[in-house]
Amino acid sequence: MSLFLGLDIGTSAVKAIIVDAEDREQASAVAPLSIDHPRPLWSEQHPDAWWTASVAVLDRLAAEHPKLMSGVAALGLSGQMLGVALIDAAGRPIRPAPLWNDGRAVAECAELDANVTDFAGLAGARPMPGFAAPKILWLSRHEPDALKRTRNILLTKDYVRLCLTGEAISDRADSSATLLMDTQAGAWSSQLAGACGISTDLLPELVESGASGGMLRSELARRFGLRANLPIAGGAGDNMAGAIGAGVVRAGDAYISLGTSGVYFVANDRFVPARDQGMHTHRHAVPGLFGQHGCVLSAASALNWVAGVLGIASIERFLAEIEAADLSPADIPVFSPYLGGERTPHDDPLATATLSNLRGSAGALHIGRAVLEGVAFAIADCHDALTAAGASIGTIALVGGGARSRFWGQLIATAIDRPLLLPPLALLGPALGAARLARQASGGGLSAEGDRRGMTVLEPNVGWRSGLEERRAIYRQHYAKSHGENICKSKSTYV
């Protein structure tokens, strides 16, 4: 029996799964990660934490499932996108890595946009604070000694690859989201790198997502009980790997992910640069396709936040109680989930969350419902931005941890007025995509037969529509009144 190992280095955890050739999960392991916020707008993790958590899950699988590990034919990697790991000549991290939700590089965004003619036309998106290019420019200005010591700049999963293989390699899909690439050509851009104060010599070798991207080091093969010379697929960023896991492998296919952040991803066979509304276009992990993205920076993390504030011990029970409650629409507040700024459609790292329209009759369940609706409204903003940009959206799958709640999924379906498909393997997410890419790297196909069969359909709820539309209008008006002009288009120097 052929087995494939997917390793996903997420924001809050590292997850490993072993699946067979038909995508049946055989084993899994998870290790948590934490985020540091040493200054306002900063969000960092140390690359060593990614490796430590990766070793923990692989050690656990080796201890609990040695027979399965010995049968793994290839390993695939996925990881949170946009992290910037500076690596020295000895292969060691120089500093903690700024993450996808780090907002320090506001001024650098404006500078890159001004200095590079049609930046979005080349890179696929305007420079935004969470992306690698403006963060590298920030580092070159504020920490030049760190850049002088740097020999490789690696993305999250690619630092783990370096530890696994000893090789500095990345895939074209994840790398296109650095905004350092000529995205249509699939090659590093000396113009974009130079604008950030670096040479392309610091950037890794590029391979396709489903091609081999190094071999496992022999000592690690022995430690984890994996076969010698195990191939490691190029892999992909979690958005693209999540698309692979959701079966989004054809133009027009789309998915919405409810993870720490929220992602709305549409596959396109044309390169359509994103020039406004906080959207971005990158290469897909499927050759010949691109991914148009909208991103909500706080999705399931908003639910976790409010549960912590309210002292809720069980998220699952909280969701069930919200669903079962007979709440009067007049008593449901309006929440905007901008706990870490927002990307689509506002491109505003300084945006703040709000809870408005509160009445004395509102309790914990009303506030919880408002958070679910606020995330649904933010996803609807992504939907509107994508359709306004001409994205042709066919079927839409719902994946990620938040997909456990069909109630939340139906709120989103109603907010965008489109049915959502709930794949049977929705909760496996990017880890499944990484395993599928491992299968492709060893000569197999990306999608298992029956990807589109056995799906639950979440239809819009007609009875909720009117109330949701009223509260979404309040939600949109509140941002316009509170935040005004797009901060990234201003001359702000807030760091």
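Annotations
- Residues that are in a loop (DSSP other than H, G, I, E, B) and of a type in the set (Phe, Trp, Tyr), drawn from the stretch 129-142: Phe131
- Restricting attention to the stretch 143-163, the residues being assigned to a helix (DSSP H, G or I), basic (Lys, Arg) and open to solvent by 10 Å² or more (accessible area, probe 1.4 Å) number 2.
- Matching residues in the stretch 301-339 - criterion: being under 18 Å from Thr354 (Cβ atoms) and touching a Lys or Arg at 6+ places or on another chain (Cβ under 6 Å): Asp331, Ile332, Val334
- Only one of the numbered conditions (1) open to solvent by 40 Å² or more (accessible area, probe 1.4 Å); (2) assigned to a loop (DSSP other than H, G, I, E, B) is not met by Ser298, and that is (1).
- Considering the stretch 331-344, the residues that are assigned to a loop (DSSP other than H, G, I, E, B) and farther than 18 Å from Gly402 by Cα include one that is most open to solvent (accessible area, probe 1.4 Å), namely Gly340.
- So Leu421, is it free of Cβ contacts under 8 Å to residues at least 40 places away in the same chain, open to solvent by 10 Å² or more (accessible area, probe 1.4 Å) and either assigned to a loop (DSSP other than H, G, I, E, B) or out of contact with any Lys or Arg (no Cβ under 6 Å at 6 or more places or on another chain) (or both): yes
- Residues of the stretch 222-235 satisfying the condition of being without any contact (Cβ under 8 Å) to a residue 24 or more places away in the chain and either open to solvent by less than 10 Å² (accessible area, probe 1.4 Å) or not aliphatic (A, V, I, L, M) (or both): Arg222, Asn229
- Residues located in the stretch 1-32, provided they are without any contact (Cβ under 8 Å) to a residue 24 or more places away in the chain and either under 17 Å from the mean Cα position of the chain (by Cα) or open to solvent by 30 Å² or more (accessible area, probe 1.4 Å) (or both): Arg24, Pro32
- Qualifying positions in the stretch 260-284 - surrounded by fewer than 24 Cβ atoms within 10 Å (Cβ to Cβ) and either under 15 Å from the mean Cα position of the chain (by Cα) or β-branched (Val, Ile, Thr) (or both): Val272
- Qualifying residues in the stretch 475-495 (those that are open to solvent by 50 Å² or more (accessible area, probe 1.4 Å) and modelled with pLDDT of 80 or more) - the one nearest to Ser336 (Cα to Cα): Arg476
- Residue pairs whose Cβ atoms lie under 9 Å apart, separated by 6 or more positions or on different chains, with the first residue in the stretch 315-326 and at pLDDT 95 or above and the second of a type outside the set (Ser, Thr, Tyr) and not in a helix (DSSP H, G or I), are Phe318/Ile312.
- Looking only at the stretch 373-383, and only at residues there that are open to solvent by less than 10 Å² (accessible area, probe 1.4 Å) and of a type outside the set (Asp, Glu), the one that is nearest to Pro273 (Cα to Cα): Cys382
- For the residues Ser54, Ser70, Ser140, the requirement of being in contact with a helix residue (DSSP H, G or I) (Cβ under 7 Å, 6 or more places away or on another chain), surrounded by fewer than 22 Cβ atoms within 10 Å (Cβ to Cβ) and hydroxyl-bearing (Ser, Thr, Tyr) singles out Ser140.
- Consider the stretch 164-221 and keep the residues that are of a type in the set (A, V, I, L, M) and in a strand (DSSP E or B). The one that is most open to solvent (accessible area, probe 1.4 Å) is Met215.
- Some residue of the stretch 338-356 being of a type in the set (Ser, Thr, Tyr), within 27 Å of Phe271 (Cα to Cα) and over 18 Å from the mean Cα position of the chain (by Cα): no
- Exactly one residue out of Ala413, Ala403, Ala438 is in a helix (DSSP H, G or I), among the aliphatic types (A, V, I, L, M) and under 28 Å from Ala211 (Cα atoms), and it is Ala438.
- Residue list for the stretch 246-259, restricted to those being among the small types (Gly, Ala, Ser), open to solvent by 10 Å² or more (accessible area, probe 1.4 Å) and within 23 Å of Arg406 (Cβ to Cβ): Ser257, Gly259
- Qualifying residue in the stretch 161-168 (condition: of a type in the set (Gly, Ala, Ser) and in contact with a Pro (Cβ under 6 Å, 6 or more places away or on another chain)): yes
- The residue pairs whose first member lies in the stretch 454-476 and is on the phi > 0 side of the Ramachandran plot, whose second member is part of a helix (DSSP H, G or I) and of a type in the set (S, T, N, Q), and whose beta carbons are closer than 7 Å, counting only pairs six or more residues apart or on different chains, do not exist in this structure.
So that you can scan it fast, the table gives a plain yes or no per residue for (1) open to solvent by less than 40 Å² (accessible area, probe 1.4 Å); (2) not in a helix (DSSP H, G or I):
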position	(1), (2)
His346	yes, yes
Leu350	no, yes
Ile367	yes, no
Val371	yes, no
Ala385	yes, no
Ile393	yes, yes
Ala397	yes, yes
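- Asp113 crowded, with 23+ Cβ neighbours inside 10 Å, closer than 26 Å to Phe290 by Cβ and touching a residue at least 12 places away in the same chain (Cβ under 8 Å): no
The values are calculated or read from the model by the stated rules, or taken from the named source; none is laboratory data. The structure displayed is predicted, hence computed values, not measured ones. Positions of Cβ are generated from backbone atoms using ideal geometry, with glycine treated the same way; all protein chains shown enter the neighbour counts. Remember, those area values only see protein heavy atoms, side chains included, never the ligands or the DNA or RNA. Shrake-Rupley method; radii C 1.70, N 1.55, O 1.52, S 1.80 Å.
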